[in-house]
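Every read-out reported here was derived from the displayed coordinates using simple, explicitly stated rules and does not represent laboratory data. As the structure is a computational prediction, the values presented were derived from the model and not from experiment. Don't worry about glycine lacking a Cβ; one is built from the backbone with ideal geometry, like all the others, and counts go over all protein chains shown.
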Amino acid sequence: MKIGVLSDTHLTSVTEGFKKMVKMQFGDADMIIHAGDMTSVAVYDYLSNWDLKAVRGNMDEHDLGALVPLKRIEVIMGKRIGIIHGRGSPHSIEDVVSGEFNDVDIVVFGHSHVPANRQRGGMIMFNPGSYRGSYSQKGTIGMIEIDEGGGITFRHIEV
């Protein structure tokens, strides 16, 4: 199972560059997770062409609130994946988002714009970073691959 992971796209419309990146990086993905701050319904509509699992971020327009929850848990190939945007300082965000879920294997989150892939207790904390980049960092997205034996690979990809 190949899962493309995005957060903090911050797009008001679907640009040709975004379309090209999604097709190139996620063309063979089985699913896309978006951890909030899509910003516009247009981005949600475009990503809905794939099997999309998305949550709302603090910068998302009001209409997205009717389409996506604040957080969710998905069971994918036996792995429980908590998805949330996050809030607060980048320095304490992992404390905040990990406290939102009980009994998950992976927490996918955004908000800080900083890529992360860390073990925290029994959970893996994965932030794909920000598609557009920030804080002098290049834009990043993520990829999670779960194999038939339950092994998991996490990658960050500069865009």
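A viscosity of 1.306 mPa s and a temperature of 10 °C, combined with the Kirkwood radius over C-alpha pairs in the Stokes-Einstein formula, give segment 2-158 a diffusion coefficient of 104 µm²/s.
Taken over the chain, lysine pairs spaced eight or more positions apart, or on distinct chains, with alpha carbons under 22 Å apart number 15. Of the chymotrypsin sites (Phe, Trp or Tyr not before Pro) found in segment 75-159, the ones in coil according to DSSP and having at most 16 other Cβ atoms within 10 Å of their Cβ are 135.
Of the GluC sites (Glu not before Pro) found in segment 110-159, those that fall in a DSSP loop while having at most 15 other beta-carbon atoms within 10 Å are 148.
In this structure the amide hydrogen of residue 124, modeled in the peptide plane, comes within under 5 Å of the amide hydrogens of 106, 107, none closer than 5 places in sequence on its chain.
Summary of the geometry: segment 1-27 and segment 36-68, compared by the centres of their Cα atoms, lie 12 Å apart. For segment 82-159, the share of DSSP beta bridges that are antiparallel, to the nearest 5, is 70%.
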